[in-house]
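Okay, structure first, notes after.
The values are calculated or read from the model by the stated rules, or taken from the named source; none is laboratory data. These numbers were taken from a predicted model, which means no experiment stands behind them. Please note: Cβ atoms are built from the backbone with ideal geometry, for glycine as well, and neighbour counts cover all protein chains shown.
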Amino acid sequence: MTSTYEKIATNTLGSAAASVTFSSISSAYTDLRLIATTRQDNNASNDSLRLRFNSDTTTSYSRTNLTGDGTTAASTRASSDDEINIVAFTPGTSAAAGLFAVTTIDLLNYSNTTTYKSCLIRTSNGAAGTAATVGLWRNTAAINTIFMRISGFNMAAGCTFTLYGIKAE
């Protein structure tokens, strides 16, 4: 069985924005893939990309991050969060250097209404290294809205977000 990627939507920021939302996502696909090219709009501080589903701000999110920069490896874990904290990819450093982080988010079985939703996330940034994150949303609702932000900062102009649906053939 092969699968086909179908572009659902793309959002390229023409100016800095606090968040990006994909809404009214069809349940016609088996999985979703979101590719985000991001950085914050200043270099005042560092923060992480955050992810939420269906406007749910309850503490039903968990995640495990693994990071590496060629010298040091680390891991962090959190449960009962109000969003998935993808990874601290030093966007402040990136903003100063004009670098963007590239993040791929695979949402598995997103429209199934009998299981919790999991996602596999990979992030790369030349200034900070790479990271892998496993996220869990403890909710059985089908995902129809994806919300992303950088806590406390705006995303810079030029950030790009593309959502794909994956169809089994």
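Any idea which residue in region 21-80 is surrounded by the most Cβ atoms within 10 Å (Cβ to Cβ), counting only those that are modelled with pLDDT of 90 or more and among the basic types (Lys, Arg)?
Result: 63.
Counting just the residues of region 81-103 that are β-branched (Val, Ile, Thr) and assigned to a strand (DSSP E or B), which one comes out modelled with the highest pLDDT?
The first filter runs over region 81-103 and keeps only residues β-branched (Val, Ile, Thr), leaving 84, 86-87, 90, 93, 102-103.
If we keep only those that are assigned to a strand (DSSP E or B) too, we end up with 84, 102-103.
Numbers: 84: 95, 102: 89, 103: 92.
Per the stated criteria, the residue is 84.
Does residue 136 count as modelled with pLDDT of 95 or more and within 10 Å of the chain's Cα centre (by Cα)?
Criteria not met by residue 136.
Of the residues in region 13-32, how many are part of a strand (DSSP E or B) and more than 15 Å from the chain's Cα centre (by Cα)?
Selection size over region 13-32: 1.
In the set 154, 125, which member is within 26 Å of residue 9 (Cβ to Cβ), surrounded by fewer than 20 Cβ atoms within 10 Å (Cβ to Cβ) and either modelled with pLDDT under 85 or under 17 Å from the mean Cα position of the chain (by Cα) (or both)?
Every option except 154 fails the conditions.
Looking at region 104-120, can you tell me whether even one residue there is at pLDDT below 85 and either more than 18 Å from residue 9 (Cβ to Cβ) or assigned to a loop (DSSP other than H, G, I, E, B) (or both)? Before you say what the answer is, go through the steps one by one.
Residues of region 104-120 that are at pLDDT below 85, as a first pass: none.
No, region 104-120 contains no residue that is at pLDDT below 85 and either more than 18 Å from residue 9 (Cβ to Cβ) or assigned to a loop (DSSP other than H, G, I, E, B) (or both).
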